[in-house]
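Chemist: Structure incoming, see below.
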Amino acid sequence: MLKKFSRLFISLSLVILMGITMALPANAAVKQTYSQSSDTSVSLVPKTPIFSPTDVRLGITPTGWSNSDDLTMDLNPPISYKQIISEIALSGFKGLQGAPKFPKDVNVLKKDLEVRGLTISEPWVGTYFTIGAQEDSQRIFEEQMAFMRNFDSNVIVVAELGAAVHQQPIEPLNNRPKFTDEQWTQLIDGLNSLGDQAFANNMVLCYHPHVGTGVETRADIDRLMEGTKDHHLYLLLDTGHLYYSGVTQEGILDIISTYGDRIKHVHLKNIRQPILNKAKEQELSFLSAIRTGVFTVPGDTAGIINFDAILNKLAEVNYKGWLMVEAEQDPSNTTIKPLREPLEYAFMARNYLKQVTGL
C-alpha cells in the first residue's frame with residue numbers, strides 16, 4: 001500500500017512539475033511581449049476620449065457617395081438612397097445631412113434612418129439677403145426649421161448665396177461676390193433675425209463660410225462675427241473650405257481659438273494639395289475641382305490638413321456638437337489611386353476619428 005501511494009505521489013509530482021515547466025516559457029513570452037514595446041500595451045487600452053461622448057457626436061454627409069450640387073457625380077449605375085444610409089450606419093456614424101436622393105416624405109425618411117440608428121444632423125438653408133430676397137430667405141428658413149423638429153438634432157446650417165459662383169462653370173476664388181457695405185448690412189440684419197428666431201425655437205443657427213460665396217475668407221468671417229455678436233448666430237467651422245480659400249493650417253487653429261465659444265458645428269474636410277494647386281493654376285470651377293478629387297476625408301494620408309491639431313484645439317475650447325466628415329467626391333473618379341469605394345473612405349475617416357478622439 002505504501003509503495004502504491006509513493007508511486008502515485010511521484011506521478012502527481014511529475015505532472016505538477018511538467019505543468020510548471022511548460023507554463024514558464026509562455027509566461028516569459030507574455031512578459032517579453034509587453035517589455036519589447038510600450039506601444040503594444042497601450043494599444044490594448046481604450047483611448048480616453050478628448051470629448052465627452054454625451055456632448056460630441058460623429059456624422060458624415062452623403063456627398064462622398066453622391067454629390068448634392070452636381071447629381072452627375074455618382075456611381076454607375078447610381079447608388080441607391082438606402083445603400084447610402086446603410087453604409088453610413090455600417091461605418092459607425094450616427095448623423096448625416098439630407099440629400100436630393102432622400103425621400104420627400106419626412107415620415108418615410110425618419111423611419112428609414114431610425115431603423116439604422118441614424119438621424120439628420122443638419123439641413124442646408126441658402127439665403128439671398130444681399131439681392132433683396134428677404135421673404136424667400138425667411139420662407140426657406142422656416143421650412144427647414146420645421147423639418148428639423150422631426151429629428152434628434154437642433155442645428156441649422158446657413159450660407160448666403162446671393163451672386164454665389166460655386167455652382168457656376170467659372171473659377172470660384174477670383175469671381176466670387178464682394179459685398180458692398182449696404183449688402184453687408186442686409187446680410188447681418190437678416191442673419192441676426194434668423195438667429196434670434198432659431199434661438200427662440202431651441203435651434204442653433206450656424207453660418208457656413210463657403211468657397212465661391214461672399215463669406216469665404218478670414219476677413220469675411222471676422223466681419224460677420226462682429227456684426228452678429230449680440231445675437232444668436234454661430235459659426236460652422238469647415239476645414240476644407242477655409243483651406244481652399246487660403247486660410248492656412250495655423251489660421252484654422254487661430255479661428256478656433258478666436259471663436260471657440262461660437263463654433264457650434266464642424267465639417268471635417270481634407271484637401272489633396274496637388275489637386276488644389278492644379279485647380280488654382282488651371283482656374284477650375286469649384287465643381288470641376290471636386291470632380292478632379294480636391295477633397296478627401298480625415299485619415300487619408302493623401303490629405304494635407306493636420307486634423308490631430310484641429311481636433312485637439314476644438315477639445316481645448318470645450319467644443320460641443322457634431323463632428324461631420326464632409327468630403328465631396330466623385331465616386332466614379334478613376335484617377336485617384338488607389339481606387340476606393342465611398343464605404344472605404346467612410347471607414348477610413350471613422351477609424352481615424354476613433355484613434356484621435358477616442359469616440
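Chemist: Quick check on my link table: of LYS47/LYS354; LYS82/LYS110; LYS110/LYS320; LYS264/LYS320; LYS264/LYS313, which ones sit more than 18 Å apart, alpha carbon to alpha carbon?
Modeler: Check vs 18 Å cut-off fails for LYS110/LYS320.
Chemist: Oh, and also: Among VAL356, VAL325, which comes first, then next, by fewest other beta-carbon atoms within 10 Å?
Modeler: With the fewest neighbours first, VAL356, VAL325 line up as VAL356, VAL325.
Chemist: Specify the inter-centroid distance of region 251-289 and region 298-353, based on alpha-carbon positions, in whole Å.
Modeler: 13 Å
Chemist: Still on this structure, I have one more. In what order do PHE307, PHE129 fall by count of nearby beta-carbon atoms within 10 Å, going from fewest to most?
Modeler: PHE307, PHE129
Chemist: Could you tell me the relative contact order of the chain? Use alpha-carbon pairs under 8 Å, at least six residues apart, and round to a whole percent.
Modeler: 21 percent
Chemist: Over its Cα atoms, what ratio of radius of gyration to 2.2 N^0.38 Å does region 166-318 give?
Modeler: 1.07
Chemist: Using only Cα positions of region 104-182, each an equal point scatterer, no hydration layer, compute I(q)/I(0) via Debye at q = 0.14, 0.15, 0.24 Å⁻¹ and quote the log10 values to two decimals.
Modeler: Reported log10 I(q)/I(0), two decimals: -0.62, -0.68, -1.07.
Chemist: What's the exposure ranking of LEU109, LEU58, going from fewest to most Cβ atoms within 10 Å?
Modeler: So the ranking, lowest neighbour count to highest, is LEU109, LEU58.
Chemist: If one computes the Cα centroid of region 111-176 and of region 178-228, what distance in Å separates the two points?
Modeler: One Cα centre to the other: 13 Å.
Chemist: So I have [x] 143; [y] 202; [z] 169, and one of them is volume of the Cα convex hull per residue in Å³ calculated from this model. Which one is it?
Modeler: Answer by label: [y].
Quick note: the coordinates plus some simple rules give every number you see, no bench work behind them. Given the structure is predicted, the values throughout are model-derived calculations rather than measurements. Backbone-built Cβ (ideal geometry, glycine too); neighbour counts: all protein chains shown.
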